[in-house]
Each structure stands twice: as C-alpha cells, then as structure tokens.
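The values are calculated or read from the model by the stated rules, or taken from the named source; none is laboratory data. Values in this document were obtained by computation on a predicted structure and should not be read as measured data. FYI the Cβ positions are ideal-geometry reconstructions off the backbone, even for glycines, and counts take in every protein chain you see. The protein model used for the area step is the full one, side chains on, heavy atoms only, and it has no ligands, DNA or RNA in it. Shrake-Rupley method; radii C 1.70, N 1.55, O 1.52, S 1.80 Å.
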Amino acid sequence: MILAPSTIDLFAFGEESLLDLVSGQASPFFAYDLGAARERFRRLRAALPQRVRLAYAVKSNPGLPLLETFSAEGAWFDCASAGEVSTVLAAGGTGAGMVFAGPAKSERDLQAALFAGARVQVDGIEDVARLHTLHEGAEPLPVSVRVNPAQGVSEVATIIGGGGPSAFGVDEEVVEEFLTEAARYERVRISGVQVFAASNELDAGRLLANHRTALRIARHVQAVLGRELDLVDLGGGLGVRYDVTQPSLDVRTLGAGLGRVLEENAWFTGELLLEPGRWLSAPTGVYCARVVRTKDSRGERFVMLEGGINHLLRPLMTGQPFPTLALRPGVGVIGSAGSGAAGGALVRTTLAGPLCTSLDRLGTGDLPADLRPGDVVVFGQAGAYAATQAMTHFLSHPAPEQVWVG
Ligand SMILES: Cc1ncc(COP(=O)(O)O)c(C=O)c1O
C-alpha cells in the first residue's frame with residue numbers, strides 16, 4: 001500500500017524505507033530523518049520575516065545529530081538544563097545563540113548557562129538574586145524576564161501555560177513590583193522579555209494573538225524600566241497534527257502575520273526570537289515496536305507491543321495518540337489509525353505496552369483485524385516529546401535504539 005500524500009507529513013519515512021528500517025533494526029527503536037529536519041528548518045526560516053531568529057527548543061528532541069543539523073542551519077537554541085547546554089555546545093552551538101529557561105533552575109543550571117554565556121530568562125526574583133551572586137563580570141548581566149500573561153491560548157493547557165495560574169514566569173499583574181524589586185540587584189539587568197503561553201497550536205491567528213500580547217507586555221516593561229529592551233522572545237507552541245483530520249499549521253500565514261505584528265511594533269528594534277520545538281522535530285521521527293501478542297478481552301481488542309509508556313508517554317499525558325501504521329515486514333503497510341491510509345478490515349484496537357500497569361496504553365484507534373505477532377506498529381510525529389519524555393527506567397526494559405538517517 002502506498003501512503004496517501006496527505007499522510008506523508010505524519011511519518012518521516014515512506015513505506016520502502018520503513019520496511020528497510022524494520023528489517024535491519026532490532027525493535028523497538030526510534031528513527032529520525034535528518035534531511036527532513038533540515039527541510040523543515042529551511043521551510044520555517046523562509047516563511048518568517050528575516051528579522052525573526054529561530055531558537056530550537058532542545059527539550060522537544062535533544063538528539064546530538066539533530067542539534068548539529070539545526071546548528072549548521074544557523075539556529076539558536078532554547079535550553080532548560082545544564083545537560084541541554086552541554087549537548088548544544090557539543091553540537092557546535094554557542095552561548096551567544098542560546099537562551100536558558102526553566103521554572104526551577106538549580107545552581108548547576110544557572111552556572112552552566114552563565115559559563116556558556118547564554119541569555120537567562122528569569123522566572124522570579126529568586127533567579128535574579130542567585131544570578132546577582134553568581135555573576136562575576138564587570139558589567140551587569142543582561143537577562144530576560146519571563147512574563148505569564150493574564151490571558152493566553154493553549155490546546156494542551158495541562159502541558160504549558162495558557163493564562164491562569166502557572167509555575168512559569170512572573171504573573172503579568174505583578175510585573176511592575178517584580179521590576180522594582182529586581183532593580184535592587186545591580187549586578188543583574190532586565191533587558192528582555194519572554195512570553196510563551198501556547199502549546200501545539202495549529203491556528204496561526206491564535207499564535208499571532210499571543211505574539212501581539214507578548215509585544216504589548218514587552219512595551220509595558222520597557223516603559224516601566226525607562227530603557228530600551230534588546231530582546232523579545234515569543235516562545236514556541238507551533239503545532240503539528242497528530243491526526244489527518246486536523247489542519248496543518250500554515251507557517252506562511254504565520255510569517256506574513258508576524259510581519260504585520262512587527263510593523264505595528266516599530267518601537268522595538270532589538271532581537272526577536274521564536275522558540276519552536278515540536279514543529280521542527282516531531283515530523284522528523286517515527287517509533288517502531290513489534291507486536292508481541294493480541295487479545296480480546298470482554299469485547300475489547302488489545303494489541304501488546306514490545307514498548308509502551310517506557311518509550312512513549314505523551315498519549316497517556318495528553319489523551320492524544322500518535323498516528324499509527326501497521327507494517328508487515330516483507331509485505332508493507334497493512335493499515336493505519338489516524339493517518340488516513342486505508343487497508344483491509346479495521347477493528348477498534350487498544351495498543352498496550354509491556355509494563356505491569358494498566359496505565360501502559362499508547363492509544364486506541366482502528367487497526368487491521370489481522371494484526372499479528374511479528375507485525376510492527378509505526379508511530380508517526382514521534383520526533384518530538386517522545387524518546388526523552390518517557391518513563392525509560394520503569395521496569396528496567398532497555399532504552400530504545402535511536403537511528404539517525406541522512
Ligand atoms: C521555554 C520554552 N520554549 C519553547 C518550548 C517549545 O515549545 P513547542 O515544542 O511547543 O514549540 C517550550 C516547551 O515546553 C518551552 O518551555
């Protein structure tokens with residue numbers, strides 16, 4: 001079966017390549033297409049106003065070959081731990097092209113960010129106080145303040161922000177108090193603003209509404225400080241579809257809209273950053289796991305795989321499964337769920353993993369009735385928030401292999 005063109009962006013590889021991968025590779029494994037990553041970066045770069053810098057959000061997929069690929073394309077990086085900082089430096093990134101965020105930065109994190117020369121985004125006065133102590137340079141350390149807007153948009157509000165109470169940043173309502181307090185720490189200087197309150201957003205208009213909010217907040221911060229900001233960071237949140245029935249985010253509409261937002265905000269002449277993670281990395285990867293057994297239990301069909309939430313946790317956290325294909329080694333694609341590729345008779349199926357907990361579910365969808373041991377289930381869009389977001393050590397199964405192609 002040939003994948004329908006509309007499904008291609010859900011799976012990084014075509015049918016032939018998937019067959020080659022599963023025949024040459026022990027299951028379960030992740031495979032990533034670096035050519036697709038490069039193409040993705042260039043597509044987004046071309047769609048956005050020249051002035052907007054792209055800082056790849058490392059947390060979405062910190063694989064060294066991926067970071068090297070983005071680094072060679074001129075990406076900046078958004079890091080959130082000392083570990084991410086060292087991977088970026090190993091991949092050829094530099095502190096001058098790095099921002100550092102996180103709601104609970106340890107001293108080790110702050111030291112790594114300072115050592116690299118990254119721009120730290122402070123989430124509260126505690127960050128300012130600790131940087132004041134740690135910073136050794138003669139000039140005040142420029143930092144950005146992350147502001148939690150009073151209103152935001154989010155498809156997955158449980159994952160990140162979206163207005164309301166949040167562990168992230170300084171609440172917009174108290175930002176003036178924060179700035180007054182921060183001014184007491186003369187070795188630290190608030191010079192930028194970061195606002196990020198969206199996640200997996202597929203609607204360019206809603207992202208642009210957030211960007212307008214970010215610039216409105218930045219303008220207010222600049223007015224309160226009485227000096228020009230040098231950096232405004234609009235965060236990430238550019239979404240990808242996990243099902244063919246969802247629309248794709250139109251990055252050209254986003255780029256054109258951002259151009260208009262910048263025209264409306266001619267007061268700001270500093271660096272402007274976007275921090276996309278998922279949009280750049282999700283479509284570059286697949287996760288493949290062999291079927292171990294199938295079972296009908298009281299009217300429900302289960303297919304048990306070699307890997308579960310120890311390798312893919314996102315469906316359990318968000319309730320949104322990854323799109324799947326059923327692949328028969330030596331034959332080809334025999335059916336799919338959420339990918340639009342039609343096959344033989346399909347039956348409602350719950351995918352379960354090998355862990356001894358009923359939480360170990362990877363989603364429910366329509367998969368071929370004759371799916372059997374030895375077949376492989378391929379999960380698309382698995383290049384982001386997958387391999388490193390899972391419960392790898394639970395039950396001590398081996399970590400999945402990661403295969404880099406291209
Ligand atoms: C500070 C920061 N920037 C960027 C991102 C990337 O978000 P996305 O992958 O949705 O683009 C995240 C995600 O959690 C984040 O916390």
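Things to note:
- Residue match in region 91-108 (condition: farther than 30 Å from F178 by Cβ and either surrounded by 19 or more Cβ atoms within 10 Å (Cβ to Cβ) or within 16 Å of the ligand (Cβ to nearest atom) (or both)): yes
- Within region 362-389, being within 16 Å of the ligand (Cβ to nearest atom) and either in contact with a Phe, Trp or Tyr (Cβ under 6 Å, 6 or more places away or on another chain) or open to solvent by less than 60 Å² (accessible area, probe 1.4 Å) (or both) holds for Q381, A382, G383, A384, Y385, A386, A387, Q389.
- Selected residue (only one of S396, S358 is in contact with a strand residue (DSSP E or B) (Cβ under 9 Å, 6 or more places away or on another chain) and open to solvent by 60 Å² or more (accessible area, probe 1.4 Å)): S358
- Matching residues, region 200-237, being under 16 Å from the mean Cα position of the chain (by Cα) and surrounded by fewer than 24 Cβ atoms within 10 Å (Cβ to Cβ): L202
- Scanning region 160-210 for residues being in a helix (DSSP H, G or I), touching a helix residue (DSSP H, G or I) at 6+ places or on another chain (Cβ under 7 Å) and within 13 Å of the ligand (Cβ to nearest atom) gives a total of 1.
- Scan of region 126-153 for residues that are small (G, A, S) and open to solvent by less than 10 Å² (accessible area, probe 1.4 Å), ordered by number: S144
- Qualifying residue in region 294-315 (condition: open to solvent by less than 10 Å² (accessible area, probe 1.4 Å) and in contact with a Ser or Thr (Cβ under 7 Å, 6 or more places away or on another chain)): yes
- Verdict on A326 being of a type in the set (A, V, I, L, M), under 26 Å from the mean Cα position of the chain (by Cα), open to solvent by less than 10 Å² (accessible area, probe 1.4 Å) and not assigned by TED's automatic domain parsing to the domain that holds D243: yes
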